[in-house]
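The values are calculated or read from the model by the stated rules, or taken from the named source; none is laboratory data. Just so it is clear, the structure is predicted and the values come from calculations on it, not from any experiment. With ideal geometry, Cβ positions are generated from the backbone for all residues, glycine too; neighbour counts draw on all protein chains shown. Calculation scope for accessible area: heavy atoms of the full protein, side chains included, ligands and nucleic acids excluded. Shrake-Rupley method; radii C 1.70, N 1.55, O 1.52, S 1.80 Å.
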Amino acid sequence: MSKPPPPPILPPPRLPVAVLRLLLPRAERDEVMADVLEEFGTRSREDGSAEARRWLWKQSMGSAPSLFRWTSWRGLTGFEPHANEFRPGGPMLKHLMADLRFASRRLRARPSYSVLAILTLALGIGGTAAVFGVARPLVLDPLPYGNEKSVVTFWFGGSWTEQEFVYLRGKFPGFKSVAAYRQGDMTLRDGDSPARLLPGITASAELFDVLGAPPMMGRTFQLGDDVQGAEPIVLLSYGVWQELGANPSIVGSRVTLDGTPRTVVGVMPRGFWFPDPSVRIWTPRPLNPEGQNGSYNFVGQVAPGQDPNNMAGPISALVKIIDERFDYSAEWDKTKGAEVFPIRESLLGKMQPAILATFAAMGLILLIACTNVAALMLGQVEGRAPELAVRAALGANRRRLTQPLVVEALVIGVVAGLLGAGLAAVGFGTLAHALPLGAWSESAQFDWTMFASAMVFAIIAVLLVVLIPSTSLFRHEDDLHGTLSRSRTGGIQGGGARVERGLVVAEVALAMLIASGAGLLVRSVTKLYAIDPGFTPSGVAVIDIVAGAGMTPPQRLAAMDELVNSVGALPGVTSSAMAMKLPLRGNGNNFGITVEGQPDREESSTFFRVASQDYFKTMGIAVTRGRTFDNTDQPDSTQLSVVINETLAKMYFPGVDPIGRRVGGGFGVPQRIVGVVADVAEGALLDPPKPTRYYLARQVWFGNNTSLVVKTSRPGDAEALLDMARTTVNRVAPNFAVQGTSTMNRVFDNAVGPARQIMTLLTLLSALALLLGAVGIYGVISHFVARRKRDWAIRVALGLPGRRVVTKILGQGATLVVAGIVIGAFASVAMSKLLASFLFGVTGIDPLAFAGASAVVLITGLIAAFVPARRAGSVDPALVLREQ
């Protein structure tokens with residue numbers, strides 16, 4: 001019986017072989033590797049391939065530390081065995097270590113160049129890393145929902161009713177499950193301490209199943225939690241659980257919210273949020289099948305097999321169902337514009353243009369920084385031209401000429417990356433609050449990925465930087481005679497000038513791109529601030545409060561009256577009032593209207609607002625006819641006093657004096673018009689005027705959320721009053737929680753929108769870009785002057801006035817700057833679409849914006865060029881020629 005053939009000998013694994021070949025000196029490498037591979041073959045035949053592979057891995061990994069120490073020591077000490085001298089170049093690690101020492105010496109010997117290069121790169125790297133840190137969780141990271149890819153939100157957000165949801169529940173075509181939710185803030189009070197507000201969401205039982213969000217402990221909502229009469233429960237965020245002691249046995253315990261004990265059924269994991277990071281508790285909503293409160297959002301998980309991006313068929317079927325069951329006015333017709341949106345787009349979509357615009361601006365600044373450093377390094381290479389030519393003549397090949405430059409760039413990049421990471425850490429919080437991120441700005445946190453991103457950007461930057469001077473080195477190697485000749489003539493024919501001029505033009509174009517974007521936003525924001533909102537925001541402090549539960553409406557009203565009077569008695573206060581909803585804080589709170597003696601209209605919906613007696617005086621809203629509320633307007637169950645705005649008067653009482661006329665709709669009692677006030681931007685700043693009715697707080701009460709408005713005698717005192725007002729609320733009304741403090745000026749700023757914040761940010765980035773551009777222009781013009789120093793000296797010696805030298809050099813700089821401005825202007829037109837969503841009253845091609853940006857860039861460039869030009873114009877020809 002013959003023996004079976006031996007198993008085939010497998011080739012050695014590549015990684016341990018590569019490690020040995022990398023670390024072994026070249027003179028010894030082939031001999032040692034031949035012995036290793038021969039031993040591997042012998043062991044494979046005798047012990048099998050698996051045992052041989054284990055042996056090779058052990059030899060490679062066990063020898064690596066010793067080989068690394070030995071070759072590193074060679075590089076640090078310069079020692080090299082004579083045998084290695086027969087192999088040109090020697091071991092790679094030795095040259096890397098030698099080049100590292102050489103780069104360090106060169107950088108120490110040129111502190112101005114080193115500091116300028118490192119700081120320039122660090123600014124670009126740090127800013128880009130900080131923007132990346134803000135953008136990553138909002139643009140790149142997945143949402144904290146397991147079903148993110150299949151979850152969508154519905155049109156008409158914030159306008160659906162409980163009645164609609166209960167009727168449609170389980171009948172949404174194309175959906176596995178749909179949940180309804182709305183804002184549900186609650187107050188928490190411990191003992192005698194003032195109540196504090198916990199922002200929350202109240203939702204139907206399906207919410208967390210739709211999202212695919214399991215709890216960290218306990219459970220989420222389940223069917224039956226949202227029926228009327230169910231036990232009150234609450235689901236806590238990780239942060240609230242920590243604040244309450246982080247007790248693992250908290251599930252099953254009770255907390256008192258809005259005066260009602262609620263059982264804690266679960267705690268959500270750290271990092272979970274919905275619909276934004278400010279929300280801290282979630283409660284089930286006892287659904288009323290007849291509820292008409294139109295303030296709900298719908299979020300749904302599409303059924304298996306459905307494409308979330310193509311739900312036209314199911315949505316059409318849903319529209320047919322609601323059209324048959326419900327009647328809608330033209331203004332609130334939910335059968336129009338029906339569509340669903342991916343949940344990421346719905347929750348984060350509004351922030352992405354601002355983030356992308358800022359990230360693009362920082363990317364441009366990083367490019368400017370890279371261009372600057374490339375120009376600086378190119379100047380260094382030009383200055384080393386004789387040295388490089390001699391080295392090439394002695395046998396150095398392209399790799400040996402380029403490698404020291406690459407190592408020098410890497411040293412600059414690593415140091416700049418470390419410094420940039422520090423700058424990113426310092427500027428991260430400021431940047432997060434400067435961007436229009438809303439609740440996300442408070443939750444943005446610096447983490448280790450910022451350091452990693454800074455180092456990645458640094459390596460990418462230096463690789464870009466080293467391309468241009470490396471190309472210059474290749475030119476030197478091919479033209480040694482020309483290089484040596486140019487060095488003897490003082491660089492009159494410097495071959496790097498063309499590349500340097502191109503770098504300056506690129507820098508100016510990039511700076512112009514950012515500056516023109518900032519100019520467009522400045523023009524847009526200026527036009528937005530010129531809009532009259534209908535009230536006087538200056539000098540008005542705002543304290544938003546939430547009334548605790550357990551108080552009857554009369555008790556809440558009495559407490560509010562006492563609070564208004566107490567705040568009004570503070571030093572420097574001229575008047576105070578309360579209002580259910582302030583101008584410029586979004587739409588909502590509207591109901592139908594009927595006019596006595598007129599037929600009902602198809603479109604008969606108006607805003608309604610509830611305010612105290614001095615509201616119009618405090619807000620500076622002009623009275624055009626009649627009066628506002630006064631002491632004659634007492635609580636009356638048979639008739640309400642109402643103030644209307646000019647738009648309502650024109651719409652429902654054209655050519656007729658509305659004072660004394662009666663209207664109906666809302667609150668179920670007749671309403672007598674006592675006055676007309678000017679139109680106010682109740683919803684958004686750019687909304688057209690809408691009909692609005694104002695009611696007196698002591699005659700009606702609506703909701704627990706309200707705002708105190710306090711007018712100060714001096715406009716600048718509003719900000720300083722906020723702390724005193726907060727203290728007064730906590731002292732006078734401990735059952736009321738302060739939701740936040742602000743001023744009407746800040747409310748107006750927020751109404752202007754993200755354009756204001758992006759404008760401020762881009763303006764600062766423009767200043768940084770101009771500074772870096774000026775540094776680049778200065779460096780290149782200085783190099784140009786130095787390269788032609790002998791030429792200028794000869795001309796001056798022959799009678800050329802110094803001012804003519806200055807003019808000629810300034811002309812060189814102006815030509816480069818103007819070329820960059822023209823290129824940047826054309827690029828700005830192409831890039832203006834990125835800012836289109838922030839512009840108002842201007843187009844992407846705005847002459848004033850471009851003219852202003854061009855003027856700023858041109859003046860900056862001329863100033864940067866003037867310094868070396870003036871130095872060249874005052875040169876002493878005798879000294880220069882003696883040096884040459």
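Checking Leu762, Leu771 one by one, the residue that is open to solvent by 20 Å² or more (accessible area, probe 1.4 Å), within 30 Å of Ile863 (Cα to Cα) and of a type outside the set (Asp, Glu) is Leu771 and no other.
Considering the conditions (1) at positive phi; (2) free of Cβ contacts under 8 Å to residues at least 60 places away in the same chain, Pro248 is excluded by exactly one of them, (1). For Met619, the conditions (1) under 41 Å from the mean Cα position of the chain (by Cα); (2) farther than 22 Å from Asn590 by Cβ all hold with the exception of (2). Just checking, which of Pro261, Pro269 is open to solvent by 20 Å² or more (accessible area, probe 1.4 Å) and not in a loop (DSSP other than H, G, I, E, B)? The conditions single out Pro261. For the stretch 683-731, the tally of residues that are crowded, with 23+ Cβ neighbours inside 10 Å and free of Cβ contacts under 8 Å to residues at least 24 places away in the same chain stands at 0.
Condition check for Gln306 on (1) of a type outside the set (Phe, Trp, Tyr); (2) part of a strand (DSSP E or B); (3) closer than 28 Å to Lys149 by Cα: one failure, at (2). Looking at the stretch 719-745, which of the residues that are in a helix (DSSP H, G or I) and touching an Asp or Glu at 6+ places or on another chain (Cβ under 9 Å) is farthest from Ser566 (Cα to Cα)? Going through the qualifying residues, I end up with Asn745. When every residue of the stretch 533-551 is checked against the conditions, at least one turns out to be of a type in the set (Asp, Glu) and either in a strand (DSSP E or B) or open to solvent by less than 20 Å² (accessible area, probe 1.4 Å) (or both).
Once the stretch 784-814 is narrowed to residues that are within 14 Å of Arg871 (Cα to Cα) and not in a helix (DSSP H, G or I), the residue that is modelled with the highest pLDDT is Pro801.
Taken over the stretch 552-578, the criterion of being under 21 Å from Ser713 (Cβ atoms) and not in a helix (DSSP H, G or I) is satisfied by Ala569, Leu570, Pro571, Gly572, Val573, Thr574, Ser575, Ser576, Ala577, Met578.
When you look at Val656, is it without any contact (Cβ under 8 Å) to a residue 24 or more places away in the chain, of a type in the set (A, V, I, L, M, F, W, C) and open to solvent by less than 70 Å² (accessible area, probe 1.4 Å), yes or no? For Val656, the condition - without any contact (Cβ under 8 Å) to a residue 24 or more places away in the chain, of a type in the set (A, V, I, L, M, F, W, C) and open to solvent by less than 70 Å² (accessible area, probe 1.4 Å) - is met. When Gly337 is tested against (1) in contact (Cβ under 8 Å) with a residue 24 or more places away in the chain; (2) part of a helix (DSSP H, G or I); (3) open to solvent by 50 Å² or more (accessible area, probe 1.4 Å); (4) farther than 30 Å from Ala506 by Cα, only condition (2) is not met. For the stretch 596-628, taking the residues that are hydrophobic (A, V, I, L, M, F, W, C) and surrounded by fewer than 20 Cβ atoms within 10 Å (Cβ to Cβ), the one that is farthest from Phe535 (Cα to Cα) is identified as Val623.
Taking the criterion of being closer than 21 Å to Lys334 by Cα, β-branched (Val, Ile, Thr) and open to solvent by 40 Å² or more (accessible area, probe 1.4 Å), the only residue of the stretch 138-168 that qualifies is Val166. For the stretch 701-718, the count of residues that are within 30 Å of Gly820 (Cα to Cα) and either assigned to a helix (DSSP H, G or I) or aromatic (Phe, Trp, Tyr) (or both) is zero. With respect to being in contact with a Pro (Cβ under 6 Å, 6 or more places away or on another chain) and of a type outside the set (Ser, Thr, Tyr), Leu640 falls outside the description. If you check Phe840, Phe826, Phe866 for being hydrophobic (A, V, I, L, M, F, W, C) and outside any helix (DSSP H, G or I), only one passes: Phe840. Of all the listed residues (Glu500, Glu507), the sole one being assigned to a helix (DSSP H, G or I), modelled with pLDDT of 75 or more and among the charged types (D, E, K, R) is Glu507.
Could you tell me whether the stretch 298-313 includes any residue that is surrounded by 12 or more Cβ atoms within 10 Å (Cβ to Cβ), within 23 Å of Asn587 (Cα to Cα) and either touching a Pro at 6+ places or on another chain (Cβ under 6 Å) or touching a residue at least 40 places away in the same chain (Cβ under 8 Å) (or both)? Yes - at least one qualifying residue is present in the stretch 298-313. Considering the conditions (1) assigned to a helix (DSSP H, G or I); (2) over 48 Å from the mean Cα position of the chain (by Cα); (3) at pLDDT below 50, Gly482 is excluded by exactly one of them, (3).
In this structure, Glu382 does not qualify as surrounded by fewer than 19 Cβ atoms within 10 Å (Cβ to Cβ), assigned to a helix (DSSP H, G or I) and modelled with pLDDT under 70.
Within the stretch 169-211, the set of residues being more than 30 Å from Arg731 (Cβ to Cβ) and surrounded by fewer than 16 Cβ atoms within 10 Å (Cβ to Cβ) comprises Gly170, Lys171. How about the stretch 342-367: which of its residues are crowded, with 16+ Cβ neighbours inside 10 Å, within 30 Å of Phe607 (Cα to Cα) and of a type outside the set (Val, Ile, Thr)? Result: Ser346, Leu347, Leu348, Met351.
Residue by residue, here is whether (1) under 17 Å from Val302 (Cβ atoms); (2) assigned to a strand (DSSP E or B); (3) aliphatic (A, V, I, L, M); (4) modelled with pLDDT under 90 holds:
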{"position": "Ala129", "(1), (2), (3), (4)": "no, no, yes, yes"}
{"position": "Pro194", "(1), (2), (3), (4)": "no, no, no, yes"}
{"position": "Thr202", "(1), (2), (3), (4)": "no, yes, no, no"}
{"position": "Ala205", "(1), (2), (3), (4)": "no, no, yes, no"}
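Residue count for the stretch 843-856, restricted to those that are under 23 Å from Gln352 (Cα atoms) and not in a loop (DSSP other than H, G, I, E, B): 0. Screening Leu198, Leu116, Leu123 for residues that are over 23 Å from the mean Cα position of the chain (by Cα) and under 30 Å from Glu507 (Cα atoms) leaves exactly one candidate, Leu116. Just one of the listed residues (Ala558, Ala518) is of a type in the set (A, V, I, L, M) and surrounded by fewer than 24 Cβ atoms within 10 Å (Cβ to Cβ), and it is Ala558. Taken together, the residues in the stretch 579-595 that are part of a strand (DSSP E or B) and either over 25 Å from Pro533 (Cα atoms) or open to solvent by 40 Å² or more (accessible area, probe 1.4 Å) (or both) amount to 4. Screening Leu257 with (1) over 29 Å from Glu148 (Cα atoms); (2) without any contact (Cβ under 8 Å) to a residue 24 or more places away in the chain gives one miss only, at (2). Only one entry in Ser453, Ser441 is touching a helix residue (DSSP H, G or I) at 6+ places or on another chain (Cβ under 9 Å), modelled with pLDDT under 70 and among the polar types (S, T, N, Q), namely Ser441.
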